């Protein structure tokens, strides 16, 4: 089977230049033959959606973009026009997609927008599924050097919920209230790789 980088180069996704594809392939390989559901925030010209469709031959691939002119539909690909920080819109998307195996946030890279998306989508990620946020250096700006120094380049390892939420949002001054609290974040493994944050979900502890 063709490797993810080759597919990325075929379709021209910028994930090749960012260096994300080796990290994705290492984590997503167990899903490759499964009938999974993948949702990516940020469509652009559909390069990465087509890459995911070919990498996961049994997957249903969905995309979200704020620009309705960028939405399209192809076999096993469907896109929705709306804002990633709009909870009602995300709810309507989830009503169609059902539970998710993989979520990739490559949207507007605004911390407040990512918080809303994470709040609504993380509870719908299946056990052993992945939630990934790209280009974290955009979210943290001048704080990026501090963040990398705090967590290192080898990744977060197994983290407690408070650490994850602090990393994602408290450092940006966002108040964690409403749909999600520390007790609802259950992470079995996570990592920070070249600006890519990847979180793997575990079963809630009894």
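The values are calculated or read from the model by the stated rules, or taken from the named source; none is laboratory data. Everything numeric here is computed off the predicted structure, so don't read it as measured data. No Cβ is skipped: glycine too gets one built from the backbone with ideal geometry, and neighbour counts run over all protein chains shown.
Here residue 14 fulfils each of the conditions (1) without any contact (Cβ under 8 Å) to a residue 60 or more places away in the chain; (2) under 22 Å from residue 121 (Cα atoms); (3) in contact with a helix residue (DSSP H, G or I) (Cβ under 9 Å, 6 or more places away or on another chain) apart from (2).
Every residue, every condition in (1) part of a helix (DSSP H, G or I); (2) over 15 Å from residue 196 (Cα atoms); (3) in contact with a strand residue (DSSP E or B) (Cβ under 9 Å, 6 or more places away or on another chain); (4) modelled with pLDDT of 70 or more, yes or no:
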| residue | (1), (2), (3), (4) |
| --- | --- |
| 117 | yes, yes, yes, yes |
| 122 | yes, yes, yes, yes |
| 126 | no, yes, yes, yes |
| 137 | yes, no, no, yes |
| 140 | yes, no, no, no |
| 144 | yes, no, no, yes |
| 147 | yes, no, yes, no |
| 155 | no, no, yes, no |
| 159 | no, yes, yes, no |
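Taking the numbered list (1) under 20 Å from residue 2 (Cα atoms); (2) touching a residue at least 40 places away in the same chain (Cβ under 8 Å) in turn, residue 105 passes all entries but (1).
On the given criteria, is residue 89 farther than 27 Å from residue 27 by Cβ, modelled with pLDDT of 95 or more and surrounded by fewer than 22 Cβ atoms within 10 Å (Cβ to Cβ)? Judged against the criteria, residue 89 is a match. Residues of region 1-18 that are in a loop (DSSP other than H, G, I, E, B) and touching a strand residue (DSSP E or B) at 6+ places or on another chain (Cβ under 8 Å): none at all. Residue-level check: of (1) loosely packed, with under 15 Cβ neighbours inside 10 Å; (2) assigned to a loop (DSSP other than H, G, I, E, B); (3) touching a strand residue (DSSP E or B) at 6+ places or on another chain (Cβ under 9 Å), residue 96 misses just (2). The selection criterion, being farther than 23 Å from residue 136 by Cα, in contact with a strand residue (DSSP E or B) (Cβ under 6 Å, 6 or more places away or on another chain), surrounded by 14 or more Cβ atoms within 10 Å (Cβ to Cβ) and touching a residue at least 24 places away in the same chain (Cβ under 8 Å), does not hold for residue 40. Flag: residue 3 matches the condition of being surrounded by fewer than 14 Cβ atoms within 10 Å (Cβ to Cβ) and farther than 17 Å from residue 102 by Cα.
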